[in-house]
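Q: Quick one: structure below, then a few questions.
The values are calculated or read from the model by the stated rules, or taken from the named source; none is laboratory data. Because the structure is a prediction, the values reported are computed rather than measured. All Cβ positions, glycine included, derive from the backbone under ideal geometry; neighbour counts span all protein chains shown. Please note that ligands, DNA and RNA were not included when accessible areas were found on the heavy atoms of the full protein model with its side chains. Shrake-Rupley method; radii C 1.70, N 1.55, O 1.52, S 1.80 Å.
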Amino acid sequence: MTINLLADAEPHILAGACNVGESTMNILKQIGQIWNQYREFRTTFNELSHMSDAELRDMGLYRGDIVRVAYGEAENHAGQAINAHRQGRQTTHGSFGVLRESH
């Protein structure tokens, strides 16, 4: 004898399961976007950190500007990638700003 629990479930309960799946996928996408922003931040930060003060000055930067520039580059890069991938849909542009506030 086989018992099918889903057959006895109310339709609104089954519909809620779809929403949970969508929510999980949205969270995973946001985590992926934040991870990509973090990688972009680290790349830019490392490149600028390895430059001499003279090279930074030639670009109009000081060593104290590196973190700000790296965050800005990460947000710009991620925002462009998100917009290119999801034309017309809601984006999480600026989600990296949460991490910015902690520094």
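Q: Find the helices (runs of 4 or more DSSP H) located wholly in region 51-103 whose residues include 1 or more that are modelled with pLDDT of 90 or more, open to solvent by less than 30 Å² (accessible area, probe 1.4 Å) and not acidic (Asp, Glu), and list them.
A: Working: elements: 53-58, 66-85, 97-101.
Once the helices (runs of 4 or more DSSP H) in region 51-103 are filtered for at least 1 residues that are modelled with pLDDT of 90 or more, open to solvent by less than 30 Å² (accessible area, probe 1.4 Å) and not acidic (Asp, Glu), what remains is 53-58, 66-85.
Q: Cβ-Cβ below 7 Å, separation at least six or inter-chain, first residue in region 69-92 and closer than 23 Å to residue 46 by Cβ, second among the acidic types (Asp, Glu) and at pLDDT 65 or above: which pairs?
A: From region 69-92, the pairs are 73/40; 74/40; 77/40; 78/40.
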